[in-house]
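Trainee: Supplied in structure tokens, the structure appears directly below.
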Amino acid sequence: MTEKQKIAHLYRRAGFGMNIREELSGTLNGEIERVMNSNQQWEELFLQGEDRVTTGQLMAMSPEERREIIQDLAGNVKKLNLEWLRIMGKAEGQLREKLSLFFHGHFAVRVRKFNHVETYINTIRKYSLGYFGDLLMAVSKEPAMLRFLNNVQNKKNSPNENFAREVMELFSLGRGNYTENDIKEAARAFTGWGISEEDEFELKRNQHDSGMKTVFGKTGNWEGEDVIRMILENPQTALFITRKLYRFFVNDQVNEVRVKELADGFFKSRYHIPTLMRTILSASWFYEDENVGCLIKSPVDLIVSLNRTLGISYENPQPLLAVQRVLGQTLFFPPNVAGWAGGRNWIDNSTLITRLNLPKRIADSAELDISYKNNMDDANPNEVDKPKAKKTLACSVNWTLFLQKFDKIPKVDRFNAVCDLLLACNASLQQPRIMKPATSDSEELKQITLYILRTPEYQLS
Amino acid sequence: MKRRDFIKLSGLTTTAALIPGFLKAFEGKTGNFSGKRVVIVQLSGGNDGLNTLVPFRNDIYYKERPKLGIKPETLLKITDEAGFNPALTGFRKLFDGGRMAICNGVGYPNPDRSHFRSMDIWQTGSNADEYLNTGWIGRLLDSKCKGCDNPWYAVEVDDTLSLAMKGNLKSGFAVKDPARLQTLMQDSFLRQLADQKTESASGELAFLYKTLAQTTSSAAYIYEKSKVYKSTLTYPQLQLGNELKQIAELIRSGIESKIFYTGISGFDTHVQQTNTHARLLQIVGDSLSTFTDDLAAGGELENTVILVFSEFGRRVKQNASNGTDHGTANNVYIIGGNLKQGGMRNPLSDLSDLDSGDLKMQLDFRSIYSTILGSWLNVDSKLILGREFSNLGFV
């Protein structure tokens, strides 16, 4: 691989690809530094001018009023979705956003109260470049999490084990590294972890079981925080998280020896995520052929990288919700607590063809022309037929800026130059035999670009 | 998935899988297909089972549903204690004709009252505390069953594919409108892509090109079949009616697909449910009644089993808005021309023995899947569902 290809690979994996204003220049080491050091400033996700109805206020309402308000405010989760997409597209701190997308899938929750979603995702974004332990502790106390995994129903006299189970199985240790009894006892330690009337974490003393518990073979009057601390003391947690990060950032096919090494370092660094990421992004194996172009982009990755590459600005980004939906990944609506399966699971005949047609529809500001399944979160109860994505993808592509990049490149070399810029694996892609006769050089370059963006190759990172 | 497993299971080498000619060989197959097939009709939103099949001798039913309870005299009675919602004339005809089996109190342990979670459980066939990313039909496709290599083995009549239809190695095929899909696939751009020399491609790239090639050949196959027979029957002019009509046309045209997936939503009747619910049931009953007539006229009903399910039932007690809230166990309807045992397969749910206001489960939904997989499709259901479930004997 050339230095330029390595830099492009770095930007595809550590973020959502290069944006239209960035050039493939500089040294790989310099760019790694830039990726690692550009995350200091970040913008909180916050919907201006929206009412935040607290749990206390909701509880004072009748069930009908409550349902209505929740239904009304559920639309704000979609606004947050689009807002995050926008930030992913423009943020300087790409690694923070990419890691946050990973951790959103890892700590997958799905709630309708948008202010819970807001604080949840900002907590993830805040700690995604910090220590995993801090992240785990903070996310565990997020109202969205407490609600989604029923810890608000976990009370001394009627324990609910949902959170205690998932915190071990999905968030830290992984199956086989705890017993059913550990879950039972840990659930007792988490009793009373709830939400205050002001929508903040609150330990409800009268619901909390402060008795002796035996978790992971240790007996004490453990609190929830103690359980999380014990989970982090087990190197298995470092291994589990590292393996999952490796599958997301490096390769779905895990090199266990390498992951073990990385996990040891992660554990020694007390779970410092930036240290682990720097090790991965600086490793020579990260740039070896087997690790390049081997990941199928997630729908969000695809959408955001298209936006960045072409400098797309949407008049109305609403249809991007439908794009996410039909492609199988809607931010803040993961399928379940286990998150998105990813990899080949993204692909079936429908999603593949939609992906291949998407750049054209965007370039033409056309309709998506596809109906999506009613997922019941926002359904109109009287809606019998499936909703159709009717709105056009009204947007403008910054062709002027994009085409300028190739001004100095001889016409015969342009196809390969665009491939180099856009594709992770371009070895086999041939120039299309028949092209519409182009009226100008720039028209031809547009056609070439759209062709390349619509290939299976472009689906890979 | 590991690449070598993929190769092993699909029985294809990487390069062979990429040669369009190899795939096009599937297109040549014709002749009358006599295999047994399954049509799945999903009612989304949580159908109110108690107002679908009403236990009209039960005082608790009328006591808990003072406004919503349906009067005995208006019901379409099928036994001395159960009657269909008056809108379900279609179901009554099927039941009386011996073409319907009813399972009561179908659910799973530790029921989840969230739509999407419970639907995931039904579609994947998982336990309530287990998260699978493959569906039960998807795993059937993965199981090397006879004919499973054809991407159109399992067809969902929609633009997008349900989790139920996704396997690890293979997935079902989503097509809402065969003609439109065929036009889409004939797009000059996609045709050029199919000409890409991809012999050297491996891994994910080969997988994507293979999916593309299969989509092209499947779209052509389904489109050809869709032109053979056009139904003359009148289906309800609504989505479910249209979709079932399309399935009937494909079946009567001799398509070799074994699984068809379709559905209707709108069953989340929290508010003023009576009319909404009746309207939905009317669509379901009429569509399925016409569909079975269509298949029977073509001699295809004997080979068909239809499964009608919803992600959960609703609470016994009506709510303050003359609607019902999310519940648990529910009725499942199995329809076919060749049922071994039709009629009521088990007693109505006991309304005096509830689990905090909800029906208790009598049958695990996977025993229905297992019966269909094992006794109808003759595959090893344990391989697909992970363990044995009792055979309910309806097929």
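The values are calculated or read from the model by the stated rules, or taken from the named source; none is laboratory data. What you see is a predicted model, and the numbers here were worked out from it, not measured in a lab. Quick reminder, even Gly has a Cβ in these numbers, built from the backbone with ideal geometry, and neighbours come from all protein chains shown.
Trainee: Over 24 Å from B:Gly343 (Cα atoms) and either exposed (fewer than 12 other Cβ atoms within 10 Å of the Cβ) or at pLDDT 50 or above (or both): does that describe B:Thr52? Step through it out loud before you land on a result.
Mentor: Numbers: over 24 Å from B:Gly343 (Cα atoms): no; either exposed (fewer than 12 other Cβ atoms within 10 Å of the Cβ) or at pLDDT 50 or above (or both): yes.
Judged against the criteria, B:Thr52 is not a match.
Trainee: A follow-up question, please. Quickly run through the range B:240-254 and pick out the residues that are in contact with an Asp or Glu (Cβ under 9 Å, 6 or more places away or on another chain) and either of a type in the set (Asp, Glu) or not in a helix (DSSP H, G or I) (or both).
Mentor: The answer is B:Glu243, B:Glu249, B:Ser253.
Trainee: I want to confirm something. Restricting to the range B:196-214 and keeping residues that are at the interface with chain A (Cβ under 7 Å from one of its Cβ atoms) and not in a helix (DSSP H, G or I), which single residue is surrounded by the most Cβ atoms within 10 Å (Cβ to Cβ)?
Mentor: Selected residue: B:Thr198.
Trainee: Inside the range A:153-178, can you point out the residues that are more than 13 Å from A:Ile195 (Cα to Cα) and assigned to a helix (DSSP H, G or I)?
Mentor: Scanning the range A:153-178 gives A:Asn162, A:Phe163, A:Ala164, A:Arg165, A:Glu166, A:Val167, A:Met168, A:Glu169.
Trainee: If a residue has to be outside any strand (DSSP E or B) and either touching a residue at least 24 places away in the same chain (Cβ under 8 Å) or within 27 Å of B:Met119 (Cβ to Cβ) (or both) to count, how many in the range B:38-68 make the cut? Full working, then the answer.
Mentor: Filtering the range B:38-68 for residues outside any strand (DSSP E or B) gives B:45-52, B:56-68.
The next check asks that each one be either touching a residue at least 24 places away in the same chain (Cβ under 8 Å) or within 27 Å of B:Met119 (Cβ to Cβ) (or both); those that pass are B:45-52, B:56-58, B:60-61, B:64-68.
So the answer is 18.
Trainee: Can you tell me which residue is farthest from the other protein chains (Cβ to nearest Cβ) among those in the range B:141-195 that are among the aliphatic types (A, V, I, L, M) and without any contact (Cβ under 8 Å) to a residue 40 or more places away in the chain?
Mentor: Within the range B:141-195, the subset among the aliphatic types (A, V, I, L, M) is B:141, B:154-155, B:157, B:161, B:163-165, B:169, B:174-175, B:179, B:181, B:184-185, B:190, B:193-194.
So of that shortlist, the ones also without any contact (Cβ under 8 Å) to a residue 40 or more places away in the chain come out as B:141, B:161, B:174, B:184-185, B:190, B:193.
Working: B:Leu141: 11, B:Leu161: 5, B:Ala174: 4, B:Leu184: 7, B:Met185: 8, B:Leu190: 7, B:Leu193: 7 Å.
So the residue we want is B:Leu141.
Trainee: Given the criterion touching a helix residue (DSSP H, G or I) at 6+ places or on another chain (Cβ under 7 Å) and among the hydrophobic types (A, V, I, L, M, F, W, C), identify the matching residue among B:Val316, B:Val271.
Mentor: On the way: B:Val271 fails: touching a helix residue (DSSP H, G or I) at 6+ places or on another chain (Cβ under 7 Å).
Only one candidate passes the filter, namely B:Val316.
Trainee: Considering the range A:8-34 alone, what residues qualify as being closer than 15 Å to A:Ser305 by Cβ and assigned to a helix (DSSP H, G or I)?
Mentor: Result: A:Ala8, A:His9, A:Leu10, A:Tyr11, A:Arg12, A:Arg13, A:Ala14.
Trainee: Another question, if that's okay. Would you mention how many residues in the range A:111-128 are under 22 Å from A:Thr55 (Cα atoms) and among the charged types (D, E, K, R)?
Mentor: Residues that pass the stated criteria total 3.
Trainee: Which of the residues that make up the range A:338-354 are in contact with a helix residue (DSSP H, G or I) (Cβ under 9 Å, 6 or more places away or on another chain), at the interface with chain B (Cβ under 7 Å from one of its Cβ atoms) and among the polar types (S, T, N, Q)? If you could, list the steps in order and put the result at the bottom.
Mentor: Here is the first cut: in the range A:338-354, the residues in contact with a helix residue (DSSP H, G or I) (Cβ under 9 Å, 6 or more places away or on another chain) are A:338-340, A:342-344, A:346-354.
From the residues that got through so far, the ones that are at the interface with chain B (Cβ under 7 Å from one of its Cβ atoms) too are A:338, A:344, A:347-350, A:352-353.
Listed by number, the residues that qualify are A:Asn349, A:Ser350.
Trainee: Follow-up. Looking at B:Ser375, B:Ser370, B:Ser390, B:Ser352, which one is in a loop (DSSP other than H, G, I, E, B), over 16 Å from B:Thr52 (Cβ atoms) and free of Cβ contacts under 8 Å to residues at least 60 places away in the same chain?
Mentor: On the way: B:Ser375 fails: in a loop (DSSP other than H, G, I, E, B); B:Ser370 fails: in a loop (DSSP other than H, G, I, E, B); B:Ser352 fails: free of Cβ contacts under 8 Å to residues at least 60 places away in the same chain.
After applying the criteria, what remains is B:Ser390.
Trainee: When you check A:Ser298 against the structure, is it more than 14 Å from every other protein chain (Cβ to nearest Cβ) and hydroxyl-bearing (Ser, Thr, Tyr), yes or no?
Mentor: Values: more than 14 Å from every other protein chain (Cβ to nearest Cβ): no; hydroxyl-bearing (Ser, Thr, Tyr): yes.
Criteria not met by A:Ser298.
Trainee: I would also like to ask the following. Just to be sure I understand, how many residues within the range B:281-330 are in contact with a Pro (Cβ under 7 Å, 6 or more places away or on another chain) and outside any loop (DSSP other than H, G, I, E, B)?
Mentor: Count: 3.
Trainee: Then there's this: How many residues does the range A:73-103 contain that are of a type in the set (Gly, Ala, Ser) and assigned to a helix (DSSP H, G or I)? Quick ask: steps written out before the conclusion?
Mentor: Looking only at the range A:73-103, we keep the residues that are of a type in the set (Gly, Ala, Ser), and these are A:74-75, A:89, A:91, A:93, A:100.
With the extra rule that they be assigned to a helix (DSSP H, G or I), the set shrinks to A:74-75, A:89, A:100.
Residues flagged as of a type in the set (Gly, Ala, Ser) and assigned to a helix (DSSP H, G or I) within the range A:73-103 amount to 4.
Trainee: Continuing with the same structure: Report, by residue number, each residue of the range A:1-44 that is basic (Lys, Arg) and free of Cβ contacts under 8 Å to residues at least 40 places away in the same chain. Step through it out loud before you land on a result.
Mentor: Start the filter on the range A:1-44 by keeping residues that are basic (Lys, Arg), which leaves A:4, A:6, A:12-13, A:21, A:34.
Answer for the range A:1-44, where residues must be basic (Lys, Arg) and free of Cβ contacts under 8 Å to residues at least 40 places away in the same chain: just A:Arg34.
Trainee: May I pose another question? Can you find a residue in the range A:340-347 that is crowded, with 21+ Cβ neighbours inside 10 Å, touching a residue at least 12 places away in the same chain (Cβ under 8 Å), of a type in the set (A, V, I, L, M, F, W, C) and part of a helix (DSSP H, G or I)?
Mentor: Yes, some residue in the range A:340-347 is crowded, with 21+ Cβ neighbours inside 10 Å, touching a residue at least 12 places away in the same chain (Cβ under 8 Å), of a type in the set (A, V, I, L, M, F, W, C) and part of a helix (DSSP H, G or I).
Trainee: Does the range A:405-422 contain at least one residue that is within 11 Å of another protein chain (Cβ to nearest Cβ), at pLDDT 90 or above and part of a loop (DSSP other than H, G, I, E, B)? Walk me through how you get there before you give the answer.
Mentor: Kept after step one, since they are within 11 Å of another protein chain (Cβ to nearest Cβ), are these residues of the range A:405-422: none.
No, every residue in the range A:405-422 fails to be within 11 Å of another protein chain (Cβ to nearest Cβ), at pLDDT 90 or above and part of a loop (DSSP other than H, G, I, E, B).
Trainee: Right, another one. Can you list the helices (runs of 4 or more DSSP H) lying wholly within the range A:104-152 that have 2 or more residues being in contact with a strand residue (DSSP E or B) (Cβ under 9 Å, 6 or more places away or on another chain)?
Mentor: A:132-140, A:143-148
Trainee: Continuing with this model, one more query. Given the conditions (1) within 17 Å of the chain's Cα centre (by Cα); (2) surrounded by fewer than 22 Cβ atoms within 10 Å (Cβ to Cβ); (3) under 19 Å from A:Asp199 (Cα atoms), which single one is not true for A:Met137?
Mentor: Unmet condition: (1).
Trainee: Then there's this: I'd like to check something: does the range A:62-81 contain any residue that is touching a Ser or Thr at 6+ places or on another chain (Cβ under 8 Å) and under 12 Å from A:Ser128 (Cβ atoms)?
Mentor: Residues of the range A:62-81 touching a Ser or Thr at 6+ places or on another chain (Cβ under 8 Å): A:64, A:81.
Going one step further and asking which of them are under 12 Å from A:Ser128 (Cβ atoms), we end up with none.
There is no residue in the range A:62-81 that is touching a Ser or Thr at 6+ places or on another chain (Cβ under 8 Å) and under 12 Å from A:Ser128 (Cβ atoms).
Trainee: Tally up the residues in the range A:322-337 that are more than 11 Å from chain B (Cβ to nearest Cβ), part of a loop (DSSP other than H, G, I, E, B) and of a type in the set (A, V, I, L, M, F, W, C), please.
Mentor: Adding up the residues that qualify gives 2.
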